[in-house]
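These notes are about the structure you will find just below.
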Amino acid sequence: MNAIDNKWIGKRTIRPDGADKVTGRAGYSADHNMPGQIWGRVLRSPHPHAVIRGIDTSKAEALPGVKAVVTAKDIVDFPLDKSVMLGIQDMRWMCRNVMAREKALFHGHPVAAVAAISEEVAEAACKLIEVDYEVLPHVIEIEDAIKPDAPILHDFVRHEGKPSNIATTMVNKLGDVEAGFAQADLIIERSFKTRPVHQGYIEPHACTVSYAADGRVTIWSSSQGQFMVRAMTSLLTGIPQSNIRAIPAEIGGGFGAKTIIYLEPVAVLLAKKSGRPVKMVMSRDEVFRATGPTSGSMSTVKIGVKNDGTIVAAQGTFYLQAGGLPGSPLRGPVGCSFSPYHIENVLSVGYDVVSNRSKVAAYRAPGAPLGAYATECVLDEIAEKLGMDKLELRLKNTAKPGGKTVYGATFGAITFKETVEAIKYHPHYTAPLDKNPSKGVVRGRGVASGFWFNAGGESSAQLNITEDGNVNVTTGHPDVGGSRASIANVTAELLGIDHSRISVLIGDTSSIGFSNLTGGSRVTFASAMVVTQSAEKVIGQLKERAAKIWKIDPEAVIWDNGEARPAGPNAGQFPPLTLKDLAAKANEMGGPIGAGVQLNTTGADPGFATHCVDVEVDVDLGIVRVLRYTAAQDVGRALHPDYVEGQIQGGVVQGIGWALSEEYLYNAKGQLDNASFLDYRMPVCSDVPMIEPIMLEIPNPKHPQGVRGVGEAPIVPPLAAIANAIHDALGKRFYSLPMSPPKVLAVIDG
Amino acid sequence: MAKLHVTTTINGEPTEFLCDPSQSMLDVLRNSLGLTGSKEGCGTGDCGSCSITLDGRLTCSCLVLAAEVGGHEITTIEGMAQGDELHPLQQKFLEMAALQCGICTPGVLMAARSLLEKNPEPTETEVRFWLAGNLCRCTGYDKIVRAVLETAAEMRSAA
């Protein structure tokens, strides 16, 4: 589609859900109430690791005002010896994460839940529940969890035939690394550590549910997929999916972590037992202790190059924290770390390590930033050793169309080189940097690149023409950052009508066909595809109606600029019929006008990004400030540029937090010490500069509008880009995140 | 303990409510008065998404005891637009896409309005430090800061 011809695609229109969100009218998960509702609270384990020998709920149940109590015995058990998968989630772990079964695996692990007439009564009842714990030694850090004498979390987890905390090993291989390294003139091998970071969405998890006397369930909650909420709740409660209606509330941020559930099945069981609607809202403390975060990691990356900069072999070993139950995002570092580059010999190995922490959840490009952090820091050191420009080193090795990746895919049209060149010729990269602006202050510049797979998958859309000739479009994806705005632009463009005549809605599980999660940078790609096909069907119907009215062949009708016109030999014979004209005649000419499309979408080619950052280090205080940030990415086609830029800017700032200030801090008792926004330090407005996005619009040939997923790739490069910039400033390398003031001072002094 | 009876003014309307001595103003706004535009992101005054003004002063409503607001004037996000006419900040936030998920937006708007009332010509640095009490995890703050600066410029030229 030629940009010049577009009237709506690529325009910065006002989003369909905007007015509600600036006036406080938008309904998020905690904003809904049901008649007669009571409140649910969760009792959480005070121990990081303990066998649950028994739970006595009788005193809690006897407390006036208590209506129901739920423990693991009320939740469907998924036996440990048989995996039941829902997407990438193993229900054996989900059922034990929602409610501790044999063991409490982390401080804050749910053990029981109470519904009562008020939150205060529910809270008081939780304190009356008597849990008989056999407290076990706990283990928090990876290096401790993989020691031979480490406390073992799960008897059924074996590694190399022995009881272990290493739950899974993932190996991706290409060529022969030994032979590759043998050809190298220079080999650099370094080890890195990162800490778990929380997704940090501002909206805590919450839900309001009802269970009717006929067994029908209504769930109001925010998530990254109402169909996921329905499916997981069904699996964990035994209620058939057809009896569950999951309504997607507006979502106050998810970043991956709301691709699983915590509260909904518990609330449904409390509602079923009590006969009353139940509302549950997590506190921020609970969100930090018991949801997310993403994995901390321990990695070693080894890269071999020829003297001219050609990479001949690369090897990565990535240990990721899973939390108390298996399932860290190994695919991220294992598959993404080396994929921006054409390397003949690669060995990439990941280990999923359980320890007594909350179970990790997806976070924006799950796992990929950890791997890129290691790889891109090693490349920086290689460029330095070779005396080569850092971007030149990347340009020399860019992945090529038709190239084979370590994770098995063969690249189609890819555009990594363009992102590197966009930075190389950008005034940011070419501007001089005063490295010593004043006493005690040094500055540096760093670059790094990143890769994310992107995704297609199932999506559904329904496009209906209203009786007055306007348009309703419904899709099945929660809108986390402006996807409705993009859909409105696409629909207006295709139908050739004014943007204001289109309403875009997100259907609940009973009103729209199955749609997979909002995640993996898939939604705008996939939903634009199904909406396009729906619009094409509707245009077909409109042309047929016009042909019928004119009594000519439908093939002789064109749809242009919002109206049907006779074409070919009939051109000019009849006055055009507008959408409104045809809607008015809809019933007499064959019935309502509308069409839906349900598709397993394919063709989501990967995303690449290259970033450049300037930092300033206060050598007395150890504080690192980001002065300037430029992020180049191939976005395919920006259906709504504001929200594409927003994805890049938001992802970068999350990356800045990961690099400089965010971390989970556990004490010796295995308890999280910083479970608040005061102590878990996410970037605030005064911490960051403007973030300049460079949107390269190189259309994805496999998508009707050329869309490429955008949301994940921006968080992949910042960790290394900032580490490399700090090295440029101080002349010292960092191998551990976050690069917070105490660590910076330790490196300066060391 | 018996509930307390409180008489106050919310968004210009005389308002009465009953509350427990321990209830926060945010809890009463959301759960007793149906004013759910103020959000609870933390309950500890760290995220700013429950921002209101109390006698014109920007405040986290999660840190105010509801029992204390008797006789005072409260403004919430619901009082920002006049009927269907949006406040210039609300309009500019829409035009410049200064929100993604929107959960922090009510608090950010309340804070930004409070800034522009005190300082109609803020620098970028002043905007950033004033809004440092409002966490946003989606936008990276870029478009928020631009929208506040642009609104300030437009409000000055309209004045």
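Quick rundown of the values:
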{"item": "Filter result (touching a helix residue (DSSP H, G or I) at 6+ places or on another chain (Cβ under 6 Å) and closer than 10 Å to residue B:23 by Cα) within segment B:62-78", "result": "B:62, B:64, B:66"}
{"item": "Filtered residues of segment A:245-270 (kept if out of contact with any helix residue (DSSP H, G or I) (no Cβ under 7 Å at 6 or more places or on another chain), more than 11 Å from chain B (Cβ to nearest Cβ) and in a loop (DSSP other than H, G, I, E, B))", "result": "A:256, A:263"}
{"item": "Subset of segment A:312-349 (residues that are touching a Phe, Trp or Tyr at 6+ places or on another chain (Cβ under 6 Å), aliphatic (A, V, I, L, M) and assigned to a strand (DSSP E or B))", "result": "A:313, A:314, A:346"}
{"item": "Search result, residues across segment A:583-627 that are among the charged types (D, E, K, R) and surrounded by fewer than 18 Cβ atoms within 10 Å (Cβ to Cβ)", "result": "A:585, A:588, A:618, A:620, A:625"}
{"item": "Some residue of segment B:13-32 being under 23 Å from residue B:80 (Cβ atoms), touching a Pro at 6+ places or on another chain (Cβ under 9 Å) and at pLDDT 95 or above", "result": "no"}
{"item": "In segment B:124-157, residue farthest from residue B:74 (Cα to Cα) [restricted to those that are more than 12 Å from chain A (Cβ to nearest Cβ) and without any contact (Cβ under 8 Å) to a residue 24 or more places away in the chain]", "result": "B:157"}
{"item": "Residue B:94 being over 28 Å from residue A:255 (Cα atoms), within 9 Å of another protein chain (Cβ to nearest Cβ) and either free of Cβ contacts under 8 Å to residues at least 24 places away in the same chain or surrounded by fewer than 23 Cβ atoms within 10 Å (Cβ to Cβ) (or both)", "result": "no"}
{"item": "Helices (runs of 4 or more DSSP H) wholly inside segment A:114-225 that include at least 2 residues being outside the structural domain of residue A:60 (by TED's automatic domain parsing) and in contact with a Phe, Trp or Tyr (Cβ under 9 Å, 6 or more places away or on another chain)", "result": "A:142-145"}
{"item": "Residue A:203 within 24 Å of residue A:680 (Cβ to Cβ), touching a residue at least 40 places away in the same chain (Cβ under 8 Å) and of a type in the set (Asp, Glu)", "result": "yes"}
{"item": "Segments classed as helices (runs of 4 or more DSSP H), wholly inside segment A:387-491, with at least 2 members that are at pLDDT 95 or above and farther than 21 Å from residue A:698 by Cβ", "result": "A:390-396, A:427-430"}
{"item": "Any hit, segment A:671-679, residues being surrounded by fewer than 24 Cβ atoms within 10 Å (Cβ to Cβ), more than 20 Å from the chain's Cα centre (by Cα), away from every other protein chain (no Cβ under 14 Å) and not charged (D, E, K, R)", "result": "yes"}
{"item": "Only listed residue being in a helix (DSSP H, G or I), within 20 Å of the chain's Cα centre (by Cα) and among the aliphatic types (A, V, I, L, M), chosen from A:722, A:648", "result": "A:648"}
{"item": "Residue in segment A:627-642 that is within 14 Å of chain B (Cβ to nearest Cβ) and acidic (Asp, Glu) present", "result": "yes"}
{"item": "Residue count, segment A:1-38 (criterion: more than 10 Å from chain B (Cβ to nearest Cβ) and modelled with pLDDT of 95 or more)", "result": "11"}
{"item": "Long-range neighbours under 9 Å by Cβ, at least six apart or interchain, first residue in a loop (DSSP other than H, G, I, E, B) within segment A:594-612, second of a type in the set (Ser, Thr, Tyr) and modelled with pLDDT under 95", "result": "A:604/A:521; A:605/A:415"}
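Conditions tested, residue by residue: (1) crowded, with 20+ Cβ neighbours inside 10 Å; (2) among the hydrophobic types (A, V, I, L, M, F, W, C); (3) farther than 30 Å from residue B:22 by Cα.
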| residue | (1), (2), (3) |
| --- | --- |
| A:108 | yes, no, no |
| A:115 | yes, yes, no |
| A:119 | no, no, no |
| A:125 | yes, yes, no |
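The values are calculated or read from the model by the stated rules, or taken from the named source; none is laboratory data. Keep in mind the model is a prediction, meaning the values are calculated, not measured. Every residue, glycine as well, gets a Cβ built from its backbone with ideal geometry; the counts of neighbours run over all protein chains shown.
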